[in-house]
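Peer 1: Below you'll find the structure I mean.
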Amino acid sequence: MRTETGHAALIGATGPARAAPPARRTRSAPGGQEALALEAPYLEALADYAARGAGRFHVPGHKGGCGAPPRLAHFLGAALALDVPLCIDGIDIGAEPTPLRRAQFLAARTWGARRTWFLVNGASEASHVACLALAQAGGRVVVQRNVHSSTVHGLVLSGLRPVFAVPELDMQLGIAHCLGPQALAAALDDTPDAVAAFVVSPTYFGASADVRGLAAVCHARGVPLIVDEAWGAHFRFHERLPEDALEAGADLVISGTHKLIGSLAQSAMLHLGARTWPQLDEALLSRMLCLVSSTSPSSLLLASLDAGRAHVAINGAGLIERALADLDLIKREIRAIDGLDVLDDRIVGDHAIAAYDPLRLAIDVRAAPSDGPTLAAALLQVADINLELVSEHVLIAHIGIAEPVLEHGLRLLDGLRRVLGRCAAGEVGEASAALAPPAFGVPVMAPRDAFFAVHERVALEAAGGRICADSIVAYPPGIANVLPGERFTPQLSAYLAEMQARGGCLKGTWDAAAGTVRVVDGDADTRIHHLPIPDHDDSGGIP
């Protein structure tokens, strides 16, 4: 089913963007390669096109800025000159390797991939591509249950039948962490016809799994490992960070490059590992990409990936070193605030956590006088600070590798101190009664079957016992509480209804404004084997 393969491409060679991996976490580009790392061929080709004043008898209609709405031109300025379509000679077509092909090759070389694709529909696009590619190989796939909602949407698009592996749950923090090798092995052994396994590492909260162990489990059973590493694109560039998924043996890696590297929002990469698998063939993945990618990809997004790659290849280690030093100081100051703590290496070894990302600033507010949502609302009010994620017990303040961490961290510290001072003065509401997240729904249908089934609408609080035709997601972090094809437990429907009543952010494919959820039509429901619905929930849950 699979064969080992070497890395075959040379710098500047024609054909697919293939590359041998560089040494791990180099503090600068490999010897003699600094010029290659600094090169941003796609961005440079766009700049050349803009500078030479080429005749733009093509879309977009703003014609490089001269025809743009004035306010747009005022704010975007010179960027409009770089906004060009596909099929411009010397940019993405023409003599091989084109600047776009070369940019992707250099990205593959930087991250140690056999092939890298630039994406303009976010890391979500990579999840869809992976699911669609696997659909040709079989019907079932093992999936870590706290995958991002985009993977669930990929399951709907592809028709794959997921077998969910439940990650380790942290009942104190009320969050899910990682999937351990033993749990994955058990799920794969119970699913001998699985065509792949999907896992998440790192999680939204910064916990990294034993990806090397997970890869060994998969490869021993003849299946590839796909890793959603959307929050770990920076791991390769500093020794204090967890081992990156490609180096650990992952076969396909989803990389949210914009999250910490600094490319534009909605830009991402998909990396193919060294092993060859028929279900993850390069040509097959490229073909599936055509199904979900825009036929008018933004050159600005593509250029930002090229520029981000060049920047991190040369400066990544130094930027991360500085960011870590500044963030270490900020974390110490946060711990000194009465009622606050931060997540760090102390959680390694528990809940299948193999490592923790020290660039993640996850603030533990369990001992604070108010809950996460109330504190976050107060931060916004008193300091105009917007956080990345707000949960009952954890606030995540996101840090990019190249931002002025100390300056921004001091602003956050000031805001936290002011808010905690207001709490002490009774000016901030006390914590609401905690909502303990219940266990996930019981899967009884394939996500695609339920999503496209004849359905009816019921009030969310009345959905207990029914099969959901939607996905409902507490966002961020974008992990679905209930999926199409899962049967609501009464506890789950009541929990989501209460979250909505409290103003929680529930997204997904359901119509939040209507306050109702789509469930599989009752007549169709009666033709499906009913799994028992527990009348109480003592298994815990995740947000």
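Peer 1: Taking Glu333 and the conditions (1) surrounded by fewer than 18 Cβ atoms within 10 Å (Cβ to Cβ); (2) within 21 Å of the chain's Cα centre (by Cα), which numbered condition does it fall short on, given that it satisfies the others?
Peer 2: Going through the list (1) surrounded by fewer than 18 Cβ atoms within 10 Å (Cβ to Cβ); (2) within 21 Å of the chain's Cα centre (by Cα), Glu333 breaks only (2).
Peer 1: Evaluate region 401-416: report whether one residue or more is among the basic types (Lys, Arg), surrounded by 20 or more Cβ atoms within 10 Å (Cβ to Cβ) and in contact (Cβ under 8 Å) with a residue 24 or more places away in the chain.
Peer 2: no
Peer 1: Looking at Ala265, Ala303, Ala307, which one is crowded, with 22+ Cβ neighbours inside 10 Å, assigned by TED's automatic domain parsing to the domain that holds Arg101 and not β-branched (Val, Ile, Thr)?
Peer 2: Result of the check over Ala265, Ala303, Ala307: Ala303.
Okay, residues lined up against (1) over 20 Å from the mean Cα position of the chain (by Cα); (2) closer than 21 Å to Thr151 by Cα; (3) buried (at least 23 other Cβ atoms within 10 Å of the Cβ):
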residue	(1), (2), (3)
Ala245	no, yes, yes
Val253	no, yes, yes
Lys259	no, yes, no
Asp281	yes, yes, no
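Peer 1: What about Pro16, is it touching a Gly at 6+ places or on another chain (Cβ under 9 Å) and either modelled with pLDDT under 50 or in a helix (DSSP H, G or I) (or both)?
Peer 2: Answer is no for this residue.
Peer 1: I'm trying to understand the selection: among the residues of region 195-232, which are under 29 Å from Leu387 (Cβ atoms) and in contact with a Gly (Cβ under 6 Å, 6 or more places away or on another chain)?
Peer 2: Passing the criteria: Pro202, Ala230.
Peer 1: Now for a separate question. Enumerate the pairs (first residue in region 155-172 and within 15 Å of Ala207 (Cβ to Cβ); second residue anywhere and in a loop (DSSP other than H, G, I, E, B) and of a type in the set (S, T, N, Q)) with beta-carbon separation below 6 Å, excluding pairs fewer than 6 apart on the same chain, so at least 6 apart or on different chains.
Peer 2: Matching pairs, first to second residue: Pro167/Asn146.
Peer 1: If I ask for residues that are in contact (Cβ under 8 Å) with a residue 12 or more places away in the chain and of a type in the set (Val, Ile, Thr), which ones from region 338-382 would you list?
Peer 2: Listed by number, the residues that qualify are Val342, Ile347, Ile353, Ile363, Val365, Thr374, Val382.
Peer 1: Give, as residue ranges, the helices (runs of 4 or more DSSP H) completely inside region 348-457 that count at least 1 residues that are closer than 30 Å to Ala317 by Cβ.
Peer 2: Passing ranges, in order: 405-424.
The values are calculated or read from the model by the stated rules, or taken from the named source; none is laboratory data. Only a predicted model underlies this, so the values are computations on that prediction, with no experimental measurement involved. Please note: Cβ atoms are built from the backbone with ideal geometry, for glycine as well, and neighbour counts cover all protein chains shown.
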